[in-house]
Each structure stands twice: as C-alpha cells, then as structure tokens.
Amino acid sequence: MSLVLDDRLRADFGVEGHWPILARHIVRWSEVDAYSHVNHATYLEWYEDCRSRAMEAVGLGLDINVPGPVLAKIEVQYRQPLHYRDDVLIGARVTGFRRTSLTLAYATWAKGRGLVNEATTLSVMVVIATGEKVAVPDEARRIWREQHGAKEG
C-alpha cells in the first residue's frame, strides 16, 4: 500500500527527504534469519517491489514485450539490524537516468529508530522477450523528473 509521507510519519520514523514511493511494513517471522535479524536478501526483495511500483506507475508493467529494468548494479549499506515485528517504512525514488539506464535510491526506516538501511541500484532498460536494450521512455522520464526529482545525465 502506498502512503503519503506526512509530518507524523516523518517524526515517528525519522524520515528526511522526498520519497514518492513509500510502504509501511511489519517484519514477518519468515524475513528473520538464524541470527534473529532481518536477512540481507529481504531488503532486496522489498526494494524490488518498490522498483516494480515505480515502473508500473509510468505504464511499464511486468510484460516480456514491454521495456523493463534489468538490474546491473546494487550497493547496500546496512546501518542497524531489524527484528521480528519491527514497524518499518520502505521508500524509493528514481534519482536519475541516461539514455538506456536509470538509478534508484532506496531506504528503510524503523519506527522510533530512524534510518536502518540504504541502497542504490543501476538498471538497464531491456525488452525481455528480445534482450534488446532500449531508451528510457520519454513519458517515464517526464514523470520521474516531476514526481521524483530525477536528473538526466
């Protein structure tokens, strides 16, 4: 579910900046590993969901004949562990794009604790059915500039 980042959520979770894609989540038992903290791969799944929402919002749904992002690079910084039943916000925004690629920033905040994880990804736009690398669509560029503050270049 998408949320509006109001003053209360900002204060409760310690969120700074503009995050047009935002979801609230309670950490599930299945997301916790043997060390009693959220497994590193779980964050990547949360961020993948955000990336899919960013694509769907500009008409680039999951279809092998439509351009979609293929992950080329990811950087993750784990700041604090999360645990079972933690109340978290997961945010994403498109920060930039070039002709055939785009970058996204992601973050996770825990209620009462603030920022616990940050990540950035670089994806290349590809038509999955053909493997053809394609330009980021003009309409997507326009929307991401206006709604996310994304920069070209």
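Any read-out appearing in this document is the output of simple, stated calculations on the displayed coordinates, not a laboratory observation. Because the structure is predicted, anything quoted here is derived from the model rather than measured.
Taking a ≥ b ≥ c as the square roots of the Cα gyration tensor eigenvalues, with a/c under 1.5 meaning rounded and otherwise prolate when a/b beats b/c, else oblate, which class fits the chain? Spell out each step's value before the answer.
Details: a/c = 2.24, a/b = 1.58, b/c = 1.42.
Taking the square roots of the gyration eigenvalues as a ≥ b ≥ c, the chain is prolate.
Under the Karplus relation 6.51 cos²θ - 1.76 cosθ + 1.60, θ = phi - 60°, what is the ordered set of whole-Hz ³J(HN,Hα) values for region 35-51, x standing for Gly and Pro?
So the J values, rounded to whole Hz, are 8, 6, 10, 4, 5, 4, 5, 4, 4, 5, 5, 4, 5, 4, 4, 4, 4.
What translational diffusion coefficient, to the nearest whole µm²/s, does region 72-124 have by Stokes-Einstein, given a Kirkwood radius computed over alpha-carbon pairs, a temperature of 4 °C and 1.567 mPa s viscosity? Please report the intermediate quantities before stating the final value.
Working: Rh = 12.0 Å.
The estimated diffusion coefficient comes to 108 µm²/s.
Ignoring solvent entirely, what values of log10 I(q)/I(0) come out of the Debye formula for region 85-153 at 0.12, 0.21 Å⁻¹ when each Cα is a single scatterer?
Each listed q corresponds, in turn, to -0.41, -0.86.
Using helices alone, what [θ] at 222 nm do you get for the chain, with -39,500 (n - 2.57) per DSSP H run of 4 or more residues, divided over all residues and rounded to the nearest 500? Don't skip to the answer; put the middle values down first.
Details: 3 runs with 35 residues, N = 153.
After summing the helix terms and dividing by the residues of the chain, the value is -7000 deg cm²/dmol.
Please compute the contact order of the chain in relative form: average sequence separation of alpha-carbon pairs under 8 Å and at least six residues apart, divided by the residue count, as a percent. If you can, show how the numbers build up before the last one.
Working: 311 pairs, mean separation 41.4, N = 153.
Value for the chain: 27 percent.
Note the direction-averaged projected area, equal to a quarter of the hull surface, for the Cα convex hull of region 33-107, in nm². Mind showing how you got there, number by number?
On the way: hull surface 25.0 nm².
If you wrap the Cα atoms of region 33-107 in a convex hull and average its projections, you get 6.2 nm².
Considering amide H positions built from the backbone, and no H for Pro or chain starts, which residues 5 or more places from ARG79, or on another chain, come under 5 Å of its amide H?
Amide H to amide H, under 5 Å and 5 or more residues apart or across chains, ARG79 pairs with ASN117, GLU118.
Contour minus end-to-end for ALA135 and VAL4, with contour as 0.36 nm per residue of separation and end-to-end as the Cα-Cα distance?
On the way: separation 131, 0.36 × 131 = 47.16 nm, distance 3.04 nm.
The span from ALA135 to VAL4 would gain 44.1 nm if fully extended.
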